[in-house]
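Heads up, the thing below is written out as structure tokens.
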Amino acid sequence: MNNKTTLVIMAAGMGSRYGGLKQIDPVGPNGEIIMEYSIYDAIKAGFSKVVFIIKEEIEETFREVIGKKIEGLIDVEYVYQNIDNVPSGFAVPEGRVKPWGTGHAVLSAKSAVKTPFAVINADDFYGADTYRLLNDFLSNNDDREDKYKYCMVGFILENTLTEHGHVARGVCNADASGNLVDIHERTKIMKFGSETKYTEDDRNWILIPEGSVVSMNTWGFNPSFFNELEEQFPIFLKNSRENILKAEFFLPTVVDSLIKSGKADVKVLSTPDKWYGVTYQEDKPVVKKSIGDMVFSHKYPKNLWEDLKNA
């Protein structure tokens, strides 16, 4: 039984499709950003620390926009995802500017995380149920001698789409016990009327069955996961030489390999909640209205941090 859990927030991306630093774009009635609702829900669920994975050059802005608001409410630490942070014997190839991906981002947090931990995206609104599910699992599921015990929160695909373009999702299959069997990262998923399809080549579109469960990069891990990331990152670099300027070290790919090799059980914790995110600028009004409606219906207080400080 673990009494302490950590929330790791991946916030190093600059939002290339969105066109700006969407992680600190206000969406709440008092100028709150999506991350504030995530941290509020996590504190209420029992998380005791938050670790922000950021680019070093935005730390001052991050501290100003959110860090100061949560001081005293939860332990906070900042770590940097740096493209130059590669294993000994490797060098960043000339022309590589893209970060190494979500697996590398989480690996960047190794020194700051000493407890079971959840991983989320900074710019995704998951809902309070997600954090309750994660904290409950992490507090009660240590690794066994022969197997890692991890989890993910699965969303219904239709609850995670945007009307304004394509999205990337990890499409999941689970067994009868609710453990993840496999996960396939689909980097281009779009709605076509009542159907949802993905493409790998921008020409052929393949149907995804209605009601499919997808990963929104919402994971629960024990600290053992860092060792696996450390072991697999050099292998990824070796195997990606032909596409080294664009290849990404995806978190779901590492999880999938651990399932396939029998090293990990990954429980799928399903939520019917609707996901909200600002993948594109056009998504922002929808997110603002949805959060405004939740505040109006008292799912969230008008002032998040005064509510916690007075609790």
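Every number here is computed from the coordinates shown, using simple stated rules; none is lab data. The model shown is predicted, which means the values in this text are computed figures rather than measured ones. Cβ: placed from backbone, ideal geometry, glycine included. Neighbour counts: every protein chain shown.
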* Asked: Taking the DSSP beta bridges in the chain as the whole, what percent of them are antiparallel, to the nearest 5?
  -> 55
* Karplus couplings for segment 30-39 from phi (6.51 cos²θ - 1.76 cosθ + 1.60, θ = phi - 60°), rounded to Hz, Gly and Pro as x? -> 10, x, 5, 9, 3, 4, 4, 5, 4, 5
* Asked: From the backbone phi of segment 244-260, what are the Karplus-calculated ³J(HN,Hα) couplings (6.51 cos²θ - 1.76 cosθ + 1.60, θ = phi - 60°) in whole Hz, Gly and Pro given as x?
  -> 5, 6, 10, 4, 10, 8, 7, 4, x, 5, 5, 4, 4, 5, 5, 5, 4
* Asked: So, how do all the Cα-to-Cα distances of segment 219-311 break down into 10 Å bins, in percent, from 0 on up?
  -> 12, 25, 24, 25, 13, 1
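Sort 182-188, 192-198 for me by packing, meaning the mean count of neighbouring Cβ atoms within 10 Å per residue, highest on top.
Per-residue mean Cβ counts within 10 Å order the peptides as 182-188, 192-198.
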* Asked: In segment 1-148, if every C-alpha pair distance is counted and binned at 5 Å from zero, what percent goes to each bin?
  -> 2, 9, 18, 21, 20, 13, 9, 5, 2, 0
* **Cα centroid separation, segment 126-165 to segment 25-71 (Å)** => 20
* Asked: Amide H neighbours of Thr196 under 5 Å, counting only residues 5+ apart in sequence or on other chains, H built in-plane at 1.01 Å?
  -> Ile208
* Structure fact -> Rounded to one decimal in nm, the spacing of the 7 Å Cα→Cβ label points at Lys114 and Ile206 is 4.5
* To do: List the residues whose amide H sits under 5 Å from the amide H of Gly154, counting only those 5 or more places along or on another chain, with H placed 1.01 Å from N in the peptide plane.
  => Leu269, Ser270, Thr271
* Semi-axes, largest first, in whole Å: what does sqrt of 5 times each Cα gyration tensor eigenvalue give for segment 83-127? -> 25, 16, 6
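How much net charge surrounds Ile183 when only the other residues with a Cβ under 11 Å from the Cβ of Ile183 are counted, with Lys and Arg +1 and Asp and Glu -1?
Values: positive: Arg169, Arg186, Lys260; negative: Asp182, Glu185, Asp256.
Around Ile183, the charge tally is 0.
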* Structure fact -> Along segment 167-173, Karplus-curve 3J(HN,Hα) (6.51, -1.76, 1.60; θ = phi - 60°) to the nearest Hz, with x for Gly and Pro, reads 9, 10, 9, x, 7, 10, 10
* Asked: Under a 5 Å amide H to amide H cut-off, with H placed in plane at 1.01 Å, what residues pair with Val8 once short-range neighbours are removed?
  -> Val51, Ala118, Val119, Ile120
* Asked: When the chain is fully extended, how far beyond the present Cα-Cα distance does Glu231 get from Ala176, taking 0.36 nm per residue of separation?
  -> 16.7 nm
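Helix-derived [θ] at 222 nm for the chain: sum -39500 (n - 2.57) over DSSP H runs of at least 4, divide by residue count, nearest 500?
Working: 8 runs with 80 residues, N = 311.
Only helices count here, giving -7500 deg cm²/dmol.
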* Report, in debye and to the nearest 20, how large the dipole of the chain comes out about its Cα centre when Lys and Arg carry +1 and Asp and Glu carry -1 on their Cβ. => 120
* Structure fact -> Computed from every Cα-Cα pair in the chain, P(r) in 10 Å bins starting at 0 and rounded to whole percents is 6, 27, 37, 24, 6, 0
* Based solely on C-alpha atoms, express the radius of gyration and the Dmax of segment 31-118 in angstrom. => 14.9, 46
* What FRET efficiency do you get for Thr61 and Asn82 if R0 is 22 Å and r is their Cβ-Cβ distance, rounded to the nearest 0.05? -> 0.80
